[in-house]
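Structure record follows, encoded as structure tokens.
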Amino acid sequence: MGEILLVIDEGTTSTRAMLFAPDGTVLGSQSAALTQHYPAPGLVEHDAAEIWEKTLACARAMVGKAGGADRIAAIGITNQRETLVFWDRTTGEPLAPAIVWQDRRSADICRTLKDAGEEPGVQARTGLLLDPYFSGTKIAWAMANWPQLKEAGDRLALGTIESWLVWKLTGGLHVTDATNASRTLLMGLGSGAWSDGLIDLFGAPRHALPEIVDCAGRFGTTSLFGGEIPICGLAGDQQSATIGQACLAKGETKATYGTGAFVLTNAGTAQPRSKNRLLATCLWQLDGRRTYALEGSVFVAGSLIQWLRDSVKLIANAQETEAIAKSVDDNGGVYLVPALSGLGAPWWQPEARAAITGLSFSTGKAHIVRAALEAMAHQSHDLKTAFAADGVDWATLRVDGGMVTNDWIAQDLADMLDVTVERPDFAETTALGAAMLAGVGCGMFAGLEEAATMRGKVETFTAQLDPATRDARLTGWRSAIENVIGQRV
Ligand code: ADP
């Protein structure tokens, strides 16, 4: 058996294959951009055939780079979550466009179900909320609107992207892992099984669903690369990044600050129930046992910096924000609530719009830029408060994503959250998590703890700010938020 782990990291805008040595060293990487289809406002589709062809090409290139299939110990797959593929079991070809997680076409279905009082029951069973984001309402829409799916009868197969890729790699194995299944609205979070009640509620075709499996194990083999390679690791991208950040104990938290910010906290082995509109989700399933996470998403993070650069033209590039923020002693009383596309967790105010408050004649560009960077820690603090109220306070914050290459932001997070912030030198935590799972699944590692050595060196930031200054900032932020959402918090 080879020693190299091949990771397929199928994202929203690109698909990638990477090679990892058992110590976490990256031996190669190849990616391809994916075409985004926007057939109408609010609709986002992918071509599942394109995803497969480009993924296969990237993987082939990496197997070649590794020196052949016999050099590869196992394949790990991580993927954009919730995106749904429909295909024909006999031909293995897609029957419809893939409906992407960002797609809002099922908003009316969600509203009808909410009006019928279904949300509390759905949340109790799945940990999720009734939002077009999740796959179940996309299935409901597709079954009602695409006649070819009903006409396909027993030939219809559906699944999230990892399910589609495993089918294609193995030539017909139909599985999904528990992390991806936990985003469909169809899986009972406590049972780890498809729920008949939820299947009925969303009108999902039972016969078309994959079998739910663990995140690590021997799921099947592929012979598409000139030799047999086992597929041994599967997880949705945010879960994979949480594993890649080695958040293996309860309270350990990872936050990815990219275009938006995604925060997941390991919530342990008992099913968490959020009372603060966080999502409960499966973090991983091993040997049939689930470890759970609470999850909160902030819609606007790095996109705020892009907006300052491209629309407002206040800055020339993202990197210079660090020096600009440092050029002033404080925010000068300025707060920026970046609700440019509404507010996500824990506020969930889709109609809210952004505001810059506290402007005076002494306000300069640097204060506004600083307020924009400070908004990351402020939004994260709101999430931390919600997580703590749900019984899972953050023990550490392990950060990744483009924004935290900015040292000032990393330090401000430590200061405002009053936790140690860890930033790994190796930033590709999503792919790393899939490599760890594949390594566990093929027996290279005894468990995730052992696999976590792949994570490598981290840089730490510890809180330095005096409590009075922190409190003053939090008070200022709270009144800015109240301004935006029109109520006291
Ligand atoms: P995604 O994976 O969502 O595409 P990335 O993790 O690549 O995002 O992060 C890119 C985002 O980070 C961009 O929105 C950019 O504005 C922001 N960003 C990049 N570098 C910096 C920096 N030094 N300071 C602040 N923001 C930054």
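The values are calculated or read from the model by the stated rules, or taken from the named source; none is laboratory data. Fair warning: this is a prediction, and the values are worked out from it, not measured in the lab. FYI the Cβ positions are ideal-geometry reconstructions off the backbone, even for glycines, and counts take in every protein chain you see. Just the protein is used for accessible areas: all its heavy atoms, side chains included, with ligands, DNA and RNA removed. Shrake-Rupley method; radii C 1.70, N 1.55, O 1.52, S 1.80 Å.
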Residues Asp466 and Arg104, FRET efficiency given R0 of 60 Å [Cβ-Cβ distance, rounded to 0.05]: 0.85
Cα-based Rg and Dmax for the range 365-442, where Dmax is the largest Cα-Cα distance (Å): 15.1, 54
Theoretical ellipticity at 222 nm over the chain - DSSP helices of four or more residues, -39500 (n - 2.57) apiece, nearest 500: -10000 deg cm²/dmol
Residue-wise HN-Hα coupling along the range 340-356, computed from phi with Karplus coefficients 6.51, -1.76, 1.60 (Hz; x: Gly, Pro): 5, 10, x, 10, x, 4, x, 8, 6, 10, x, 8, 4, 10, 5, 8, 10
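If you keep only loop residues by DSSP, which chymotrypsin sites (Phe, Trp or Tyr not before Pro) in the range 311-382 have at most 15 other Cβ atoms within 10 Å of their Cβ?
Trp348, Phe361
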Antiparallel bridges, percent of DSSP beta bridges restricted to the range 4-238 (to nearest 5): 65
Heavy atoms of Thr405 accessible to a 1.4 Å probe, total area in Å² rounded to 10: 100
D_trans [Stokes-Einstein, Kirkwood Rh over alpha-carbon pairs] for the range 268-353, 20 °C, 1.002 mPa s, µm² s⁻¹: 133
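Could you sort Val312, Val484, Val337 by their accessible area in this structure, using a 1.4 Å probe and putting the largest first?
Numbers: Val312 65, Val484 25, Val337 0 Å².
My answer, sorted largest first, is Val312, Val484, Val337.
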Ala446 paired with Asp154, simple spin-label distance in nm, labels 7 Å along Cα-to-beta-carbon: 4.7
Long-range amide H partners of Val213 with built H, under 5 Å: Thr176, Asp177, Ala178
Alpha-carbon centroids, the range 27-57 and the range 103-157: separation in whole Å: 23
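Scan the chain and report its longest stretch carrying no GluC sites (Glu not before Pro) that are both in a DSSP loop and have at most 16 other Cβ atoms within 10 Å.
The longest such stretch corresponds to 352-489.
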For Ile77, distant residues with modelled amide H under 5 Å away: Ile8, Gly233, Leu234, Ala235
Spatial extent of the range 4-238: Rg and Dmax, with the Cα atoms as the point set, Å: 17.6, 58
Calculated over the range 33-172: convex hull of Cα atoms, volume per residue (Å³): 128
From phi via Karplus (6.51, -1.76, 1.60), per-residue ³J(HN,Hα) for the range 76-88 in Hz, x at Gly/Pro: x, 10, 10, 8, 4, 8, 6, 4, 10, 10, 10, 9, 9
Long-range amide H partners of Thr83 with built H, under 5 Å: Trp101, Ile161
Cα-derived Rg over Rh, computed across the range 170-238 with Rh taken as Kirkwood radius: 1.04
Phi to ³J(HN,Hα) by Karplus 6.51 cos²θ - 1.76 cosθ + 1.60 over the range 263-280, Hz, x for Gly, Pro: 10, 10, 10, 4, 9, x, 9, 9, 4, x, 10, 7, 9, 10, 6, 8, 8, 9
Part-to-part distance (alpha-carbon centres) for the range 181-256 and the range 1-26, which is given in Å: 18
Pair Ala249, Val312: separation of 7 Å Cα→Cβ label points (nm): 4.0
Geometric extent, Cα atoms of the range 180-313 - Rg, Dmax (angstrom): 17.9, 54
Point-charge dipole on Cβ atoms (K/R +1, D/E -1) for the range 49-190, about Cα centre, debye to 20: 280
Fraction of accessible area attributable to carbon and sulfur, the range 377-489 (%, probe 1.4 Å): 47
Accessible surface, the chain, averaged per residue in Å² (probe 1.4 Å): 37
Solitary cysteines of the chain, where the nearest other Cys Cβ is not under 4.7 Å: Cys58, Cys110, Cys215, Cys247, Cys282
At most 15 other Cβ within 10 Å, DSSP loop - trypsin sites (Lys or Arg not before Pro), the range 312-413: Lys313, Arg353
Coil-residue trypsin sites (Lys or Arg not before Pro) of the range 439-479, DSSP, other Cβ within 10 Å capped at 13: Lys457
Estimated D of the range 64-132 in µm² per second, where Rh is the Kirkwood radius over Cα pairs and Stokes-Einstein applies at 20 °C, 1.002 mPa s: 136
Dipole magnitude of the chain, debye to nearest 20 (Cβ charges: Lys/Arg +1, Asp/Glu -1, about Cα centre): 500
Alpha carbon Rg of the chain, scaled by the compact-globule rule 2.2 N^0.38 Å: 0.96
Lys pairs under 27 Å by Cα in the range 23-179, provided they are eight or more residues apart or on distinct chains: 9
Gained length - Ser303 relative to Glu322, 0.36 nm times residue gap less alpha-carbon distance: 5.3 nm
Cα-based reach from Lys457 at 20 Å (exclusive), listing lysines while leaving out same-chain residues under 8 positions away: Lys254
